[in-house]
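Presented below is the structure to which this report refers.
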Amino acid sequence: MSIVTVQLGQCGNQIGHELFSAVCRDVHGTHGLCSKKENESYHDACKERFFCQEESEVPVARAVLVDMEPKVISQTLAVAARSGSWKYDDRSHFCQKQGSGNNWANGYSVHGPRHKEAIMNLMQKEAEKCDRLGGFFTIMSMAGGTGSGLGAFVTQCLRDAFPNSFILNHIIWPYGTGEVIVQNYNSVLTLSHLYQSSDALLVHENDVIHKICAQLMNIKQISFRDVNQVIAHQLGSVFQPAYTAEGDSDYSRNPLGDLMETLVPHPEFKMLGLRNLPQMPENFLAYSTFSWPGLIKHLRQMLIANAKMEEGIDWQVRPPHPGSSSRSTSKPLHFNTSLANLVILRGKDTHSVDLGSFRDPSLYTSWLSPQDAFNAWRTPRAFNKYEKSAALVSNSQFLLQPLDSVVGKAWNMFASKAYVHQYTKFGIEEEDFLDSFTALEQVISSYTIL
Amino acid sequence: GQCGNQVGCRFWDLALREHAAVNKKGIYDEALSSFFRNVDTRSGGDGADIYKGKIRSLKARALLIDMEEGVVNEILQGPLRDVFDSKQLITDVSGSGNNWAVGHKVYGCQYRESIVEKLRKAAEHCDCLQCFFIIHSMGGGTGSGLGTFVLSLLEDEFPEVYRFVTSVYPSGEDDVITSPYNSVLAMKELNEHADCVLPIENESLFDIVNKIHQMINSGKLGSTVKPKSLVTSSAGGAKAVQEKPFDAMNNIIANLLLNLTSSARFEGSLNMDLNEISMNLVPFPRLHYLVSSLTPLYTLADVNIPPRRLDQMFSDAFSRDHQLIQADPKHSLYLACALLVRGNVQVSDLRRNIERLKPSLHFISWNQEGWKTSLCSVPPVGHSHSLLALANNTCVKPTFMELRDRFMKLYKKKAHLHHYLHIEGMEQSCFSEAVASLSDLIEEYNELDATKDEPRTDPPRLKIAV
């Protein structure tokens, strides 16, 4: 089954490009560490998932590029074509000239309806190229105007046009100290609208990835390209082919569906966080060895202590004592309760890894059994030159604090009515803001009492 | 007016210089098309625009308006004559006599149709018209009066297109006695019809020019300064070396406009369009006055700039002597701040400097992290990187208050009023309304300043029934 990637706005297009590059590089790399047959199987599955190879010489990414100004798309198309190893379909993009002005209302209420037909035509065409459509993966930032506003509108349209397809929104959470002054308004409006039409929201926080670049990757002058490459690596570690069940002989053909099934048991809980280890500069890889028990132990502690990366983990945080009468009163502070978790293991000896520690009932909320709440995917095929790597996709309280923070700041600004005239100018009224705030306070409340 | 056209002339010269430095192949590209049309002059300049391919003849997307001919004629006889079409000009002979009323009421009325027609023509040549830039001075008659007339005309005829105004405010020692009247009458128009105003004071430009002269002549630094890098220089442009006294100051404003639009013209990892400036920096419609600062003022000939110097660039942007009006944003209240960075600067440099400078700046309670940033990969000519900071800050208040004081000094004595009142359409109420508008604006800034030292209390959040 194939995934159609929708790249929205400057951020979406820049990341999308890095994602396809990373996936392509991984597939053509010689460090698979597995049998030739396995490698071929992986290669084919990956190709079907992300690329199309009709009459063209190089694989063509299954993607639709959308932006309201032309510079980023033309650059993205050119750089991909220059790589010589893959490219985009020249016709599969839509852009305008005037931009969205960082204005969610402009993206959602003006550009959306105006260009709906043209954009949905492109989606339809790309979907038809797939033998079997596995769903849509949309990449967008919450802070700006196009990715956020137009992205929310497009997601709604996709939901209407493809009611039986999966839609996973990849969302970039902006830096806390702004990239855009109205980013909190744009974020609140985006999240509340996406919650209605999307199946799940997979979040990457710029602050977190920035820290990974600084502390783990040792990059001195971090550029957005560096940040985007780390994000692409993390996405690849989730979406590259894997076996979803023990004894499977074929790579899973429905990655988005499988993801939703394991991680989103209830529509009120759609916020997914992503952790991946190990993460280090490429030139360190040759000198590093890892043991699975070590990696799993770190990953589990990252989950329960809500650590954003493998350094600086708080080892003092422990799950609540089993057998205590009331779970909520005995729950230690800073403990991250999970609804559902998915661990993906890639590389050497994955079949022998013991994941029992992730099935501990004390990690989870009470209304799902650990058998249902925890799943593992594996593949012996190593990813991106890491001999062993593990990814965790978690539906837990990971994003509770960032969400609460964004809503708080937006509410604070809304109380003074600052900038609201910029939104009402394009048809988003104060009541619309209030509806969005209410929806998100509901989500915060649900996750808090998990 | 004279100021607007002189600054404009410097702007077009430096714009051509900037694009020439980037565009090596002489192809008419997207970046050029933002400011220039590409025409084939063999068909008399009336031929259709050429959208792709080699550059034939570049024409500025501009309207030059002056009620006397001297300045515009000089431009048309100078090295930039081919950049302008005779159909883009509106001139008269007698001037506005430093009288806002003559500019606004008399010439406004007389030239209204002609202006609208030429604007329409210019707009038709654009694929996607995003914004108008108005360059003028506040103290005279044409720029101030006719300029603000054109501003309200733009709002009527093109309501969806953003209106950015670069206004040069007169200093206290301005030799035009009636400049306070002209300025206050013009302020009312700016309050009501502009989307964004970048006020500039001659005093500040003058101080910057002097600072650079002192630095060059002191011989302290030991290294030579790259001539093209001076924010005041015309080096490398079409203009001959002999510079007029205002040229250095006008080059600063020209550089301001180039940096403001750089991220819209050239590529970068975090783009910023002009509509984003208005969106992020104008929290309430009337508070649309932005204090600007440009750094660095020059580049030394050393090639490798260590990060310490880069950080110095950020610090300078917030210092009093780099602001283009007489103001000190550090000791006033920020409503919002934008940093437009060009050249080899990455997001980590931005983040590091914002974290470093934030503690010493006062931001309003509901916008504590109110930063808008952009990264454009193409640096200005002669620099490896540069920074333009735009601040919506209450430090504009003193400028406006002084203006009002100078106005009241004249108005109380009714000095020179008769020159205005005998113009048809002008009444005493024009004056009282104008100063009331200014006072209201000052009062809004006062109210915001009053919140500065209040303890911060966040409004209670919505409660959800579980």
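Just how many pairs of Lys in region A:2-271 have C-alpha atoms closer than 22 Å, counting pairs that are eight or more places apart or on different chains?
Lysine pairs meeting the criterion: 14.
Projected area of region B:72-168, taken from the Cα convex hull and averaged over every viewing direction, in nm²?
Taking a quarter of the hull surface, the average projection is 6.6 nm².
For a Förster distance of 25 Å, can you work out the FRET efficiency between the beta-carbons of A:VAL58 and A:CYS34, rounded to the nearest 0.05?
0.50
First select every other residue whose beta carbon is under 14 angstrom from the beta carbon of B:ASN73; then total the charges, Lys and Arg +1, Asp and Glu -1.
Neighbour charge sum, excluding B:ASN73 itself: -4.
Please work out the Kirkwood hydrodynamic radius for region A:2-271, using every pair of different C-alpha atoms, and report it in angstroms with one decimal place.
One over the average 1/r among Cα pairs gives 18.9 Å for region A:2-271.
About the Cα centre, and with charges only on the beta carbon of Lys, Arg (+1) and Asp, Glu (-1), how big is the dipole of chain A? Nearest 20 debye, please.
720
Where is the GNM fluctuation largest for chain A (alpha-carbon springs, 10 angstrom cutoff): A:SER394, A:SER237, A:SER416?
For chain A, modelled as a Gaussian network with Cα springs under 10 Å, the answer is A:SER416.
Most exposed first by the Cβ proxy, i.e. fewest other Cβ within 10 Å, how do B:GLU267, A:GLU429 rank?
So the ranking, lowest neighbour count to highest, is A:GLU429, B:GLU267.
Given N residues in chain B, what is its alpha carbon radius of gyration divided by 2.2 N^0.38 Å?
Ratio of Cα Rg to 2.2 N^0.38 Å: 0.98.
Hey, if you drop one equal point scatterer on each alpha-carbon of region A:121-273 and run the Debye formula without solvent, what base-10 log of I(q)/I(0) do you get at q = 0.14, 0.16, 0.19, 0.20 Å⁻¹?
Calculated log10 I(q)/I(0) at the listed q: -0.79, -1.00, -1.27, -1.34.
Name the residue farthest towards the positive end of the dipole of the protein assembly as shown from the options B:ASN210, A:GLY149, A:GLY294, assuming +1 on Cβ of Lys and Arg, -1 on Cβ of Asp and Glu, about the Cα centre.
About the Cα centre, the residue reaching furthest to the positive side is A:GLY294.
Taking neighbour counts of Cβ atoms within 10 Å as a proxy for exposure, in what order, fewest first, do B:MET138, A:MET123 appear?
Fewest-to-most ranking of B:MET138, A:MET123: A:MET123, B:MET138.
Looking at chain B, identify the longest residue range that excludes and avoids all trypsin sites (Lys or Arg not before Pro) in DSSP loops having at most 11 other Cβ atoms within 10 Å.
B:221-412
Hey, any idea what Rg/Rh is for region A:401-449, computing Rh the Kirkwood way over Cα pairs?
Rg divided by Rh gives 1.03.
So what is Rg over Rh here for chain A, counting just Cα atoms and using Kirkwood for Rh?
Result for chain A is an Rg/Rh of 0.95.
Is there a simple number for the mean count of other chain Cβ atoms within 10 Å of the Cβ of residues in B:357-369, and what is it?
The shielding value for this peptide is 3.
Just the Cα atoms of the protein assembly as shown: what Rg and Dmax do they give in Å?
29.9, 97
Restricting attention to region A:1-65, which GluC sites (Glu not before Pro) occupy a DSSP loop and are surrounded by at most 13 other Cβ atoms within 10 Å?
A:GLU54, A:GLU55, A:GLU57
If you build the convex hull over the alpha carbons only and average its shadow over all orientations, what do you get for region A:23-166? Give it in nm² to one decimal.
9.8
Select from A:HIS421, A:HIS93, A:HIS17 the residue whose mean-square fluctuation is largest in a Gaussian network model of chain A (Cα-Cα springs shorter than 10 Å).
So, out of A:HIS421, A:HIS93, A:HIS17, the one fluctuating most is A:HIS421.
Starting from the Cα gyration tensor of region B:1-66, take the square roots of the eigenvalues, sort them a ≥ b ≥ c, and report rounded, prolate or oblate (rounded when a/c is under 1.5, otherwise prolate if a/b is larger than b/c, else oblate).
oblate
Laboratory data are not the source of any read-out in this text; all were calculated from the coordinates shown. Model, not experiment: these values are computed from the prediction. Glycine gets a Cβ as well: all are built from the backbone with ideal geometry, and neighbour counts include every protein chain shown.
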